[in-house]
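For reference, the structure discussed in these notes is given below.
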Amino acid sequence: MQTATIRFDRFNDLADDACQERIQAARARLGSKAVLLCHHYQRADVYRHADLTGDSLKLSRLAAQADSQYIVFCGVHFMAEVADILSRPEQISILPDLAAGCSMADMASLAKVERCWRELREIVGDPDRVYTPVTYINSAADLKAFCGEHGGIVCTSSNARKILEWSVARREKVLFFPDQHLGRWSGHRMGIPLERMKVWDPDREFGGLTPEEIRDARMLLWKGHCSVHQMFQLSHIERFRKQHPDGIVIAHPECNFDVCSHADYVGSTEYILKTVKAAPPGTRWLVGTELNLVERLAEEVKPEGKIVQFMASTICMCSTMQRIDPQHLAWCLENLAEGNVVNRIQVPGHEAELARIALNRMLEVS
Ligand code: 13P
Ligand code: SF4
């Protein structure tokens, strides 16, 4: 039975403890109607309610396999879009706070990618014959649709190298957006020389490149980055290694090239968690990824005598992931329990169809 939508302002000032109780009560009422998927960067007071957790690739698969009517996504906007695209039409994807976006995803827009495609046409001829467009999953659905339409594909931080191998086997060159760092690191790991990867600045004509540079480049790297991971610097690793010569460094591939190439391990959030948890007792780690994950991991492995340190000297959290707080979660679950759908994320039909092509290619390849 549907009742009038409960307004968020009734939750705004609700104390965290009260929210926890109301989240549990609403979940009990919803039962198997709702599944809570949580990204590893979620704050502890939200993460503890997760049914399932993961990195972007794992969460995409989980969303595709979900059986429940509601998929409540504690993460950011593009993740809830992916859940909508990969789930069945009758399932409903919910993002508890619509302001939870990803600043990196916002660095590429369809208009700018289409302009890039037009400019490439002037230099190399039909770009559909020359470039495989590859979008990092951290991007809007219309860019995934662009890739679906133009023979391209989606990648995540855990499969980027495999996806690039698939891409260069099909066409000579790759246009990679929006994260230049993930593109560069993955291209390097495949053996593409750094000088054959050029940064495409979407705010300049022809990406700020000469025709020769465009023709010579095997990979064009969109000028985008993650504002959280850009905080990690080589100097942090150097200081750690000096203080702890036996210490081990692990970083997310959204970190810059210097950080990735001086780390002992590089991988997705799920990979980071698995690697540190599987390490021998007594090891010391420097971790270059978001603070919520690092703090939770540090607590978890402390009983085994493992020490986990955050890579940056300043606190850097993903401020948009943080927007999913207990107040928003309680509000949206209580509404669902009353039969009111709030904050639905729904990708328009044709766009979803094309985006699904690119996402399914990724799921098949990885
Ligand atoms: P993962 O896929 O590794 O979880 O990364 C997502 C993300 O946004 C990292 O900043
Ligand atoms: Fe986006 Fe960076 Fe936040 Fe990941 S950490 S969701 S890339 S802004």
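The values are calculated or read from the model by the stated rules, or taken from the named source; none is laboratory data. Since this is a predicted model, take the numbers as computed values, not measurements. As a convention, Cβ positions derive from the backbone with ideal geometry for all residues, glycine included, and neighbour counts pool all protein chains shown. These accessible areas exclude ligands, DNA and RNA; they are computed on the full protein's heavy atoms, side chains included. Shrake-Rupley method; radii C 1.70, N 1.55, O 1.52, S 1.80 Å.
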Failed item in (1) part of a helix (DSSP H, G or I); (2) within 30 Å of ASN292 (Cα to Cα); (3) away from ligand 1 (no atom under 16 Å from the Cβ); (4) of a type outside the set (S, T, N, Q), with GLU81 passing the rest:
(3)
Among the candidates ALA80, ALA15, residue that is of a type outside the set (D, E, K, R) and open to solvent by less than 40 Å² (accessible area, probe 1.4 Å)
ALA80
Take the residues in region 93-137 that are within 16 Å of ligand 1 (Cβ to nearest atom) and part of a helix (DSSP H, G or I), then tell me which one is nearest to the chain's Cα centre (by Cα).
ALA105
If you scan region 103-118, which residues turn out to be open to solvent by less than 20 Å² (accessible area, probe 1.4 Å) and touching a residue at least 60 places away in the same chain (Cβ under 8 Å)?
MET104, ALA105, ALA108, VAL113, CYS116
With the checklist (1) within 16 Å of ligand 1 (Cβ to nearest atom); (2) open to solvent by 50 Å² or more (accessible area, probe 1.4 Å) in hand, flag the one item GLU195 doesn't pass.
(1)
Inside region 238-319, counting only strands (runs of 3 or more DSSP E) that do not spill past its ends, which hold 2 or more residues that are open to solvent by 10 Å² or more (accessible area, probe 1.4 Å) and touching a strand residue (DSSP E or B) at 6+ places or on another chain (Cβ under 8 Å)?
307-310
Residue count for region 322-335, restricted to those that are crowded, with 23+ Cβ neighbours inside 10 Å and either assigned to a loop (DSSP other than H, G, I, E, B) or among the aliphatic types (A, V, I, L, M) (or both):
4
Can you find, within region 225-237, the residue that is farthest from TRP285 (Cα to Cα) among those that are within 12 Å of ligand 1 (Cβ to nearest atom) and part of a loop (DSSP other than H, G, I, E, B)?
HIS225
